[in-house]
Amino acid sequence: MFYVYIIESVDKQHYIGYSNNLRRRIKEHISGKTFTTKKMRRLELIYYEAYSSEALAREREKKLKQFGSSYQGLMKRIKIKL
């Protein structure tokens with residue numbers, strides 16, 4: 001199983017990623033072991049989706065990281081204000 005996830009910092013910054021081990025990856029983010037989120041503090045998992053293949057998860061992550069209608073639609077659906 002592969003997961004696409006969104007984590008949020010206390011100052012409402014979002015990070016989008018994917019992993020085959022969601023628990024481990026979130027722990028890495030929270031403990032500051034991940035370069036891209038190291039400076040973000042008090043991280044919280046706010047959303048995730050599960051996929052059966054890595055290709056599908058990577059494709060979804062890429063679409064969300066383009067910050068287009070896919071991202072805006074998801075944020076609206078989960079009631080996160082941009």
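Annotations for the structure displayed:
- Here GLU61 clears all of (1) surrounded by fewer than 18 Cβ atoms within 10 Å (Cβ to Cβ); (2) in contact (Cβ under 8 Å) with a residue 40 or more places away in the chain except the condition numbered (1).
- Here region 27-58 is the region considered, the condition is being touching an Asp or Glu at 6+ places or on another chain (Cβ under 7 Å) and closer than 19 Å to PHE2 by Cβ, and the residue that is surrounded by the fewest Cβ atoms within 10 Å (Cβ to Cβ) is ILE46.
- SER69, sole failed condition from (1) in contact with a Leu (Cβ under 9 Å, 6 or more places away or on another chain); (2) over 14 Å from GLU8 (Cα atoms): (1)
- Each residue in region 37-58 was checked for being under 22 Å from LYS27 (Cβ atoms) and in contact (Cβ under 8 Å) with a residue 40 or more places away in the chain, and 10 pass.
- Annotation: ARG24 fulfils all but one of (1) surrounded by 12 or more Cβ atoms within 10 Å (Cβ to Cβ); (2) without any contact (Cβ under 8 Å) to a residue 12 or more places away in the chain; the unmet one is (1).
Coordinate-derived values only; no laboratory data. This is a predicted model, so every value here is computed, not measured. Methodologically, a virtual Cβ is constructed for each residue, glycine included, from the backbone with ideal geometry; neighbour enumeration extends over all protein chains shown.
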